[in-house]
Amino acid sequence: VLHAIAGAMDRYRAEWEKLIAQRHSDPAWTSEMLEAAQADLGAFVEEIARFRRGIQALECYETMREAFRLMNQTFVNASRYPSWRLFQIVYIVTQLPAIAAREYDDPAGQDDWDWVDVLWFPTGGGKTEAYLGLIVCTAFFDRLRGKRGGVTAWMRFPLRLLSLQQLQRLADIMAAAELLRRQTPGINGPTFDPFSVAYLVGSGNTPNRLTEYGASGRVSWLDRFRQNPQVMQRFLTIPRCPFCHQQTVKMDLEEASVRLVHRCTNPQCSEAATGGVLPIFVVDNEIYRYLPTVIAGTIDKVTAVGYERKFSHLFGAVTHRCPKHGYLSLGECTEKYAPCDVRPGDFIP
């Protein structure tokens with residue numbers, strides 16, 4: 001199918017070249033118009049070449065091919081996506097050499113690291129599914145090449161463009177990917193973190209942390225939730241369970257792990273066996289210590305890299321894991337003010 005698409009692109013390129021040749025003798029076409037048409041044709045020729053490099057990556061690298069297969073199966077399982085639209089699959093495949101170059105010494109793919117694509121399509125045309133497809137493919141590729149957890153992608157938006165509907169769509173497709181991951185030998189089992197999502201937007205929308213530093217004198221969110229559990233519901237971000245698709249999600253507090261969790265209360269849900277806790281993180285400090293697979297957040301949060309040491313965790317700068325509170329660095333638990341009673345010698349390398 002992919003080779004057939006490339007062939008169709010070649011035929012369209014030939015028609016384009018023929019049209020430009022004809023227009024050279026057309027007085028209605030100015031030199032500026034001809035130059036613009038030629039420049040657009042050049043960009044299309046480059047796109048064909050990049051698409052073919054993507055096909056080659058699938059043919060050369062078995063791990064990438066398996067990730068691509070699992071991505072397609074994920075979208076089939078999500079059932080709302082009967083097939084890819086042409087621009088979606090071309091976009092996804094053209095990005096694959098750059099993804100494969102993370103694992104393989106592929107100069108062409110490494111050159112693509114400097115390439116930025118803009119998806120320009122009408123609202124409702126499927127842009128979100130195009131980049132979600134690429135994210136799912138990359139998440140599977142990460143796991144297949146030995147990554148057992150950690151961040152794969154960070155979606156950054158201006159706050160006004162980051163809607164709860166987008167978060168629900170992200171959670172739905174990552175839940176479908178997670179169910180497939182659990183069935184896939186080699187990337188399932190207790191040593192692998194589940195695929196998960198995060199909402200990283202700052203204290204104006206969600207808590208930075210549930211505990212307070214030392215004797216700050218401020219009432220912590222943990223204490224507020226203990227005093228009035230209804231306060232937690234204001235942070236409900238994904239109301240429909242991405243696994244059972246029922247409106248049965250509520251916010252809950254897990255004091256042992258110091259977590260504000262989304263919990264599905266449907267007893268028939270696939271997650272009921274583990275208490276209905278969903279792989280969704282909305283508290284900054286939880287995101288730093290559980291490293292969700294995909295982060296959806298606002299552009300401004302990247303400035304935290306300059307003043308928040310734990311921000312480096314998102315880029316893999318962790319050394320151990322606290323059995324109660326998640327990933328850590330520099331020999332101290334990220335929830336040391338909980339307080340954490342786990343001795344450093346019991347941290348998991």
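The values are calculated or read from the model by the stated rules, or taken from the named source; none is laboratory data. No experiment lies behind these values; they were computed from the predicted model shown. A quick note on method: Cβ atoms are made from the backbone with ideal geometry, for glycine too, and the neighbour counts reach across all protein chains shown. All accessible areas refer to the heavy atoms of the entire protein, side chains included, with ligands and DNA or RNA removed. Shrake-Rupley method; radii C 1.70, N 1.55, O 1.52, S 1.80 Å.
Some notes on this structure:
- Across 187, 299, 92, mean-square fluctuation computed from a Gaussian network of the chain (C-alpha pairs under 10 Å connected) peaks at 299.
- FRET efficiency for residue 62 and residue 332, using Cβ-Cβ distance with R0 set to 41 Å, rounded to 0.05: 0.50
- Accessible area per residue in Å² at 1.4 Å probe, computed on the chain: 50
- Here residue 18 is the anchor, and the aspartates and glutamates within straight C-alpha reach of less than 16 Å, apart from those fewer than 8 places off in the same chain, are 10, 26, 35, 40.
- In this structure, residue 254 and residue 25 have a Cβ-Cβ separation that, at R0 = 51 Å, corresponds to a calculated FRET efficiency of about 0.10.
- Each label was represented as a point 7 Å from its Cα along the Cα-to-Cβ direction; for residue 348 and residue 319 these points are 1.9 nm apart.
- Helix 2-23 axis, angle to the chain major axis (alpha carbon atoms, nearest 10°): 50
- Hypothetical label at residue 303: residues of the range 143-179 whose amide nitrogen lies under 16 Å (7 Å Cα-Cβ projection): 157-160
- Radius of gyration and Dmax over the Cα atoms of the range 170-300, both given in Å: 15.2, 50
- Cut-off 15 Å between beta-carbons: net charge of the residues surrounding residue 184, Lys and Arg +1, Asp and Glu -1: +3
- If you take all other residues with their beta carbon under 11 Å from the beta carbon of residue 264, and give Lys and Arg +1 and Asp and Glu -1, the sum is +1.
- Helix-only arithmetic for the chain: the sum of -39500 (n - 2.57) across DSSP H runs with n ≥ 4, divided by the residue total, places the mean residue ellipticity at 222 nm at -13000 deg cm²/dmol.
- Two-site label geometry, residue 105 and residue 312: point separation in nm, points 7 Å out along Cα→Cβ: 2.9
- Local electrostatic count, residue 284, Cβ distance below 12 Å [Lys/Arg +1, Asp/Glu -1]: +2
- GNM top mover of 56, 22, 166 - the chain, alpha-carbon springs below 10 Å: 22
- In terms of packing, defined here as the mean over residues of other Cβ atoms within 10 angstrom, the peptides 61-68, 102-109 line up highest first as 61-68, 102-109.
- For residue 336, the aspartates and glutamates whose Cα falls under 19 Å of its own Cα, not counting residues fewer than eight places away in the same chain, are 212, 223, 254, 255, 284, 286, 308, 346.
- Listed by chain and number, the aspartates and glutamates whose C-alpha is less than 19 Å from the C-alpha of residue 127, apart from same-chain residues fewer than 8 away, are 47, 117, 172.
- Between the helical axis of 31-60 and the longest alpha-carbon principal axis of the chain there is an angle of about 60 degrees.
- Computed E for residue 161/residue 45 - FRET, C-beta separation, R0 30 angstrom, nearest 0.05: 0.35
- Modelled label positions at residue 76 and residue 341, each set 7 Å beyond Cα in the direction of Cβ, lie 5.1 nm from each other.
- Comparing Cα centroids, the range 71-138 and the range 259-310 end up 24 angstrom apart.
- Added length on full extension, which subtracts the Cα-Cα distance from 0.36 nm per residue, residue 270 to residue 83: 64.7 nm
- Peptides 32-40, 241-249 ordered by average Cβ neighbours within 10 Å, highest first: 241-249, 32-40
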